[in-house]
Structure formats: C-alpha cells, structure tokens
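The values are calculated or read from the model by the stated rules, or taken from the named source; none is laboratory data. This is a predicted model, so every value here is computed, not measured. For neighbour counting, all protein chains shown are included, and Cβ atoms are generated from backbone atoms with ideal geometry for every residue, glycine included. For the accessible areas, the whole protein counts, side chains as well, though only heavy atoms, and no ligand, DNA or RNA atoms are used. Shrake-Rupley method; radii C 1.70, N 1.55, O 1.52, S 1.80 Å.
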Amino acid sequence: MPKVKKVPFQFTNEIQNGKHILTLSGNVQKKYWRDDDVINAKDIRESLDTVTDDIVIKLNSPGGDVFEGIEIYNYLKDHPSNVTVEVTGLAASAATFITAGADEVIMNVGTSLMIHEASTFAWGNKQDIQKTLNALETIDDSILAIYTEKTGQSTDQLREWMNEEKWFTADEAVEFGFADLVKREEPKQEPQDIASMIQDAVAVAMANAQAFNNFVQEPKRKSLVERLKKGE
C-alpha cells in the first residue's frame, strides 16, 4: 500500500445558509482520550443527534479503523436529515464508508477516492494466523456489502478493485457509482458570440459613416440655399 501523507486534523461544526456544515479532516479512529485528534463516531453523533436541517459533511481523510468507519456509515444512513458528503481532498479506505452513508456524494475537482482490502497485523501460531485470516475475510465481505449497495457494481468487480487497491479520480468515482457528481466552477459566459459582435461593430461603423457624411454635406447644402436666394 503506498503511504498516504498525514492529513491535518480538523473538526468544525457550523450553520451556513440554513444548512448544518460539519468539516471532517484527519484519520478515522475510535476516540479513547478526550484530546484524541481523530474523526470518530462519538463526536459525530454528539454534533448531529439534534440536527433537523440538511447536513453537509466536508471530508478529507486517508481512512483508518474499519469498524469506526462502519459505525459512522450506519449512523449517517439512519439520520433523518438529508446528508451530503463533499470530498474536499481524499476519501480513502475507511473514509469511503462515510461517503457511502450519505444521500449524495460530491467530488471536488482534483479529489480522489480509494478502496482496498482490510488489513491488520498478526502474531502467533498457525491457528492464530488462521483466525486473523478468517476475520479479515469476514470484514472484506462486510465492506463489499456496503460498496455493492452504494455503487450497484458487481461483487466480483468490487473485489477485484479492492485486491488491487484501486484509486479513482473524481470523474471515475462518479462513473462507477461511488459519487454522484463532480463540483466544477461554472464557465464564464461570453457577453456575445463572435457573429453578434461583428454585426454590432458593422452597425456602429455604418452609423458613424452616415453621421460623418451628413456633417460634410451640411455646408454644401447651406451654400446651395444661399445661392438660390441670390438667384444665381
């Protein structure tokens, strides 16, 4: 597994335009001590239990503890509010369970999503190692169930991606059902198309030419009038 750089911790709770905004950045892990800087189910529950407004979660996380991620997933799925997760950097490993629990997932341009098999450390005899393998297989089946429900992809396809530790671009995450849309800046609207600009320029030029012609012809008309009055 390529090493993912540590993501700085951030956990903020605020109201903006009638929506409850929860910013989550850092590792997903159970909180054992009050000052642990981690994304965890307990803090999320305490932040959102009484919320009735729409919820937007801005997420940037390399993942972490699979069980903590699944707990957050189930909490968000059961929350009565409409939940949108907006990926602002990375959603990898256990952090993808947070996206899977949302009603809508938005990827910002340049963001990534990554899935892989469960992993752990093992120590002991053959029986101990086998127990660990059995546990990992069960965990992988649980992860596959979440991804299958979210994406609609086949179990075989998802298992293949997990085996290879698949990274998805923002557009690929949408294409394969992990997200719903990519958030892009609206293109600046041109004031007019080229044909209209040319047409307007020609009209202005013709008007200016006519005005100049009138200006030049005016002395001649005055001179002719004066000559007629004199009977010439």
(message) Stokes-Einstein diffusion coefficient for segment 1-147 at 10 °C in a medium of 1.306 mPa s, Rh from the Kirkwood formula over Cα pairs: what value in µm²/s?
(response) 100
(request) Within the set of other residues whose C-beta is less than 12 Å from the C-beta of ASP141, count the net charge using Lys and Arg as +1 and Asp and Glu as -1. (result) -2
(request) Starting from the exponent 0.38 and prefactor 2.2 Å, build the expected Rg for segment 69-140 from its residue count and divide its actual Cα Rg by it. (result) 1.42
(request) May I ask you to list the chymotrypsin sites (Phe, Trp or Tyr not before Pro) in segment 11-113 that are in a DSSP loop and have at most 11 other Cβ atoms within 10 Å of their Cβ? (result) TYR32, TRP33
(request) Report the calculated FRET efficiency for LYS31 and ASP53 (r = Cβ-Cβ distance, R0 = 30 Å), to the nearest 0.05. (result) 0.75
(request) For segment 62-108, report the translational diffusion coefficient in µm²/s to the nearest whole number, using Stokes-Einstein at 4 °C, 1.567 mPa s, and a Kirkwood Rh over Cα pairs. (result) 123
(message) Sort SER47, SER119, SER142 by heavy-atom solvent-accessible area, probe 1.4 angstrom, most to least.
(response) SER119, SER142, SER47
(request) Would you mind counting up the charge near ASN108? Only other residues with Cβ under 15 Å from its Cβ, with Lys and Arg at +1 and Asp and Glu at -1. (result) -4
